Amino acid sequence: MNYQEVINEAKTCMGAYCKVCPVCNGRACKNQMPGPGAKGVGDTAIRNYEKWQEIRVNMDTICENKPVDTSLELFGKTFRFPFFAGPVGAVQLHYGKKYDDMTYNEVLVRACSEAGIAAFTGDGTNPAVMEGAAKAIAKAGGAGIPTVKPWNIETIREKMALCKEAGSFAVAMDIDAAGLPFLKNLTPPAGSKTVEELREIAQMAGVPFIVKGVMTVRGALKAKEAGASAIVVSNHGGRVLDQCPATAEVLMDIVDALDGSGVKVLVDGGIRSGVDVFKALAMGADAVGIARPFVTAVYGGGEEGVKLYIEKIGAELADTMAMCGVHDVKSITREMIY
Ligand SMILES: Cc1cc2nc3c(=O)[nH]c(=O)nc-3n(C[C@H](O)[C@H](O)[C@H](O)COP(=O)(O)O)c2cc1C
């Protein structure tokens, strides 16, 4: 199988909403929810993608001719590449019946771990989703990041216990899920958390705690105050609040605000190539997340599809690094983008 065959196969089974576009740029599915689109007008996912395209990379091949090292160190673990598969929940609703959240996470977590990266897993109202994710992560020796929704504290406690059993090397919370319509109407209510509440949750995690869904310097400083080990600069792909800026637009200010704090910065939203990964690292991100294209990879090619996709993005990153005269990810700097 090659990556084009993965795409061709995905076209036959992705359900009514995702059009399996040559580039996943948010246009064809725009505000299609249910489906992979964005909330309201639906242009935030498009903007996420387009803002990376406005940034160019600076070529410089007057340097030592030696292999590049794309590996990333995070929380004491080494990964082959500085990108992760992002969490996607309710896949059956949004992408069709070929997978449910349990089978999706099982395939994704295993394939990512075998390929030397890790997957974030999503969460849902059905407790079996987190239970399944925890099992998949345990089987992968803890190489996965369960992403717990901001439920009420008792439910979070139960989910955190599952994460602990799984031995996951980190735990995340998509704090911005407060904007998802389905989360608003639950009893007991789920939604935003104060710094104090978040601090309690971070301590409960017992492993590095990642706050996903930060779009402002103010939010980043609050996450730091709460004891987060990392944040994900993310607008949830435009799915939780209409008319957000693109993540590429706010990334550098957030990186600068957290400089020297020890809090790691990840970013997601419209990152679609190894060149885009390079741009995000040049802007100061420690690593990136890619979400929707991994769904295409799973639906179109299962584990093999995921591995092909990881190799494709990894090879593009390695090529960009070599052409920009940089040999390890830590040495990628702002002068390397235009
Ligand atoms: C259908 C769908 C479901 C998602 N479910 C989750 C989820 O359960 N938890 C989460 O943190 N993010 C979720 N996300 C957001 C993604 O993890 C990611 O932040 C967003 O899609 C932007 O990345 P991308 O442009 O690479 O897709 C979901 C996104 C989509 C499209």
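No lab work stands behind these numbers, since they all come straight from the coordinates. Please read these numbers as outputs of a predicted model, since none were measured by experiment. All Cβ positions, glycine included, derive from the backbone under ideal geometry; neighbour counts span all protein chains shown.
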Seminar exercise, completed: Per the rule of 0.36 nm per residue minus the C-alpha distance, extending ASP69 to VAL217 adds in nm 50.2 nm
Exercise. For the chain, what mean projected area does the convex hull of the alpha carbons give, in nm²?
Worked result: 15.3
Seminar exercise, completed: Rounded to one decimal in nm, the spacing of the 7 Å Cα→Cβ label points at LYS184 and GLU335 is 4.9
Exercise. Per the Kirkwood treatment, what hydrodynamic radius in Å, one decimal, follows for the stretch 61-177 from the mean inverse distance over all distinct Cα pairs?
Worked result: 14.9
Seminar exercise, completed: Per the C-alpha gyration tensor (a ≥ b ≥ c, the square roots of its eigenvalues), the stretch 28-81 is rounded if a/c is under 1.5, else prolate if a/b beats b/c, else oblate; here it's oblate
Problem set entry | Cα-based shape type of the stretch 204-338, given that a ≥ b ≥ c are square roots of the gyration tensor eigenvalues and the cut on a/c is 1.5 | oblate
Problem set entry | Inter-part distance where the stretch 131-157 and the stretch 286-338 are each reduced to a Cα centre, Å | 25
Problem set entry | Two-site label geometry, ARG199 and ALA128: point separation in nm, points 7 Å out along Cα→Cβ | 4.0
Exercise. Hey, if you drop one equal point scatterer on each alpha-carbon of the stretch 114-223 and run the Debye formula without solvent, what base-10 log of I(q)/I(0) do you get at q = 0.20 Å⁻¹?
Worked result: -1.05
Exercise. With the dipole of the stretch 161-304 worked out from charges on the C-beta (+1 for Lys and Arg, -1 for Asp and Glu) around the Cα centre, which of VAL263, ILE175, MET215 lies farthest toward the positive end?
Worked result: ILE175
Seminar exercise, completed: What helix-only [θ] at 222 nm does the chain give? Using -39500 (n - 2.57) per DSSP H run of at least 4, over all residues, to the nearest 500, the answer is -13000 deg cm²/dmol
For this session: Determine one quarter of the surface area of the Cα convex hull of the stretch 260-325, which equals its mean projected area, and express it in nm² to one decimal.
Result: 5.1
Problem set entry | ASP242 versus MET59: modelled label distance in nm, points set 7 Å from Cα along the beta carbon direction | 4.3
For this session: Using amide H atoms built 1.01 Å from N in the peptide plane, name the residues 5+ places from VAL57, or on other chains, whose amide H lies under 5 Å from its own.
Result: TYR338
For this session: Bin all alpha-carbon pair distances of the stretch 191-268 at 5 Å intervals from 0 and give each bin's fraction as a whole percent.
Result: 3, 17, 28, 24, 18, 8, 2, 0
For this session: Would you mind getting me the FRET efficiency between GLN4 and ASP256? Use the beta-carbon distance for r and R0 = 56 Å, nearest 0.05.
Result: 0.90
